[in-house]
1. Counting just the residues of the stretch 455-508 that are farther than 15 Å from Val395 by Cβ and aromatic (Phe, Trp, Tyr), which one comes out modelled with the lowest pLDDT?
2. Look through the stretch 567-579, keep the residues that are closer than 16 Å to Val419 by Cβ and not aliphatic (A, V, I, L, M), and return whichever of them is farthest from the chain's Cα centre (by Cα).
3. Checking the structure you have, find out if any residue of the stretch 113-128 is surrounded by 12 or more Cβ atoms within 10 Å (Cβ to Cβ), polar (S, T, N, Q), modelled with pLDDT of 95 or more and under 30 Å from Ile292 (Cβ atoms).
4. Mind checking which pairs have a first residue in the stretch 98-119 that is in contact (Cβ under 8 Å) with a residue 12 or more places away in the chain and more than 19 Å from Glu70 (Cα to Cα) and a second that is surrounded by 17 or more Cβ atoms within 10 Å (Cβ to Cβ) and among the basic types (Lys, Arg), Cβ under 8 Å, 6 or more apart or different chains?
5. Being assigned to a loop (DSSP other than H, G, I, E, B) and either modelled with pLDDT of 95 or more or under 17 Å from Thr575 (Cβ atoms) (or both) is the filter here; which residues of the stretch 412-441 pass it?
6. Taking the stretch 95-112, which residues are of a type in the set (D, E, K, R) and crowded, with 16+ Cβ neighbours inside 10 Å?
7. So, in the stretch 442-488, how many residues would count as being in a helix (DSSP H, G or I) and of a type in the set (A, V, I, L, M)?
Amino acid sequence: MRNRTGLGNFFFKFNVGHWTFDPPYGGQLLARLWRIRCSLFNPTHGMIALVWVLFTLSLIGANPAFCATESKVKAMLDNADQCRKELYLSSTKMKYRHHWAKCINQYETIYKAYPNSEYAPWAMYHTARMFTKLYTISGKESDLDEALDLYDLLIRKYTTHRLADDSQYYIGEIHDKYKKDPAQAYVEYLKVEIKYPSGDMKEKARVRLDDLAVVLGKKADSNSNGSAASSPSERTRVKGIRHWSTPTYTRVVIDLDNPVEYSSHLLKRDPDLDMPKRLYLDLENTFVDPGIETTIPIQGGLLQRARAGQFDPDTVRVVLDAQSVEEYKVFPLYNPFRIVVDVQAVEINDQSGNLADAIIPKPTRTPRRGVLKTTQPDQALSLAGQLGLSVKTIVIDPGHGGKDPGCHLGKGIMEKDIVLALAKILKKEIEEKLGCEVLLTRTQDVFVPLDERTAFANVHKADLFISLHINAHRQKNVFGVETYFLNMATDQDAVVVAARENATSEKNISDLQTILNNLLLNTKISESSKLAYEVQDGMMDHIKIKYNPIRDLGVKQAPFYVLVGAQMPAILVETGFITNDTERKRLQSDSYRQVLANGIVKGIESYINGIEMAFSGG
């Protein structure tokens, strides 16, 4: 729990003119101010502080009678706390429900009768904790449900309170520890990270996320190996729905226990029935977990909310109510299985705010499967070049992390550690030499699902996305550096690399190739091709100055999940082979990582210069 009073923020806002009170926060703040005002009547306090607080309170029109009310509520909370502590000290009393009810009723009186008091959320929190502890004695599922309802109410009613992230964490703990539902627990812990990134419960949630990822991964592996295969009559559980959103982009992820067949449909707005435009997915042979949120509001402008319901006994329908949908994509990810829906707006405005008359090159052929190695970048003038778009924000993605070590050998040599160290050097070099803002998808040894990495870049409106990895091969003498952009791959080595980085099987790659046929008709492939060539050339130019031997494996195309859905030029860099003795020693060296970073920066700089030259007619 954090120890914050909120007073500094309040007076800062007052001084700059942001004069707002949003219940219940305003009521809590007012109560806190008045409590300070009352305490300042003590002669030991300075008169300056007294005058300052009294002046502030007079401006907001507070009633001095509020002091008495808050003192009363404080005394009620103290009594309820004392009741709870005495109960916990007596194993005999804890056996009888009426003793629990006595303390719970005291807390309930506080948050029901005085909801705007600063003590109300504390009373609600302690009630939820008591119901959870009561369950360990009663064994009644209803006690856990009471706790879940109270935590949820606290989060919704006291959104900015320091107990909100604690409540979200304990929702996850109930599903984790008592309901024995690791999938739902994972979703709830993930909300701690997403909704409260600066909260003090984030690290505890991350620990449980890493542990649960291992559990769920083993379960998925067991199912895929057939040791726990379901019969055709058994339905797959829809575990949860997650989302990330901006005014021009929304990603929705539907988590399931096992792979399923599905279909997607777009319905036009129906003004007669006052129904918005709706995108819906039908998931075959599935059921909705009763513990998940089935109606989720989505802020951002494109979608209003996501809804999941049992359409018929064997079909779950997920409906996305849309305010504005210009383009959408649907594709699966594996291990664990989930369905990703990307919704985006396609209008691009010029600096005057008007729709730009951009000449977007139309494809002259249907998408084809890529080749092992392309010989030159796409020569088509990119959309960024036509509009003179600059590069301001770059997302660097250190691959793998947490429970996913990536390629690794003995003695603790792991891909996840090497690429994170490289990413931090690269961030520093880009910021100093190019003046761009650089964001990392992870700054620590934590597990980040593939779908979150691209969503992170989209939500932060990145201009470039670069994913860093290390290669491996069965033959130790294979070495070299290569760069990939998203496309098909017919070469077996490229397929193997994609399968490993996707954490999936080669069989699933064929599924992804089918999906990508609908995703590749856009200018991002052309731009990604150009970026890939510039980065590959930059790395090779810098490496050959100090190191020998080196091998340029060139630019290749492959279907990487981490690049799917990126709204900006996106590439994946394989910086060497951990299985090769020479490159492994280099990759463990800070001096070599510095050379790699300098080469990547040089490639990015060349790409940016190419955009500027195209726009200026050079």
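The values are calculated or read from the model by the stated rules, or taken from the named source; none is laboratory data. In this text the structure is predicted, and so the values were computed from the model without any measurement. Here Cβ is always computed from backbone atoms with ideal geometry, including for glycine, and neighbour counts include all displayed protein chains.
1. Among those that are farther than 15 Å from Val395 by Cβ and aromatic (Phe, Trp, Tyr), it is Phe485.
2. Here the answer is Thr579.
3. Yes, the stretch 113-128 contains at least one residue that is surrounded by 12 or more Cβ atoms within 10 Å (Cβ to Cβ), polar (S, T, N, Q), modelled with pLDDT of 95 or more and under 30 Å from Ile292 (Cβ atoms).
4. Cys103/Arg84
5. Thr441
6. Selection gives Glu108 alone.
7. Taking the stretch 442-488 and keeping what is in a helix (DSSP H, G or I), we get 450-459.
Next, from what is left, pick out any that are of a type in the set (A, V, I, L, M): 450, 455, 457, 459.
Qualifying residue count, the stretch 442-488: 4.
To keep it simple, each residue is scored yes or no on (1) surrounded by 13 or more Cβ atoms within 10 Å (Cβ to Cβ); (2) at pLDDT 80 or above; (3) of a type outside the set (Lys, Arg); (4) at negative phi.
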| residue | (1), (2), (3), (4) |
| --- | --- |
| Val252 | yes, yes, yes, yes |
| Leu256 | yes, yes, yes, yes |
| Pro259 | yes, yes, yes, yes |
| Ser263 | no, yes, yes, yes |
| Lys277 | yes, no, no, yes |
| Glu284 | yes, yes, yes, yes |
| Pro297 | no, no, yes, yes |
| Ala308 | yes, yes, yes, yes |
| Asp314 | yes, yes, yes, yes |
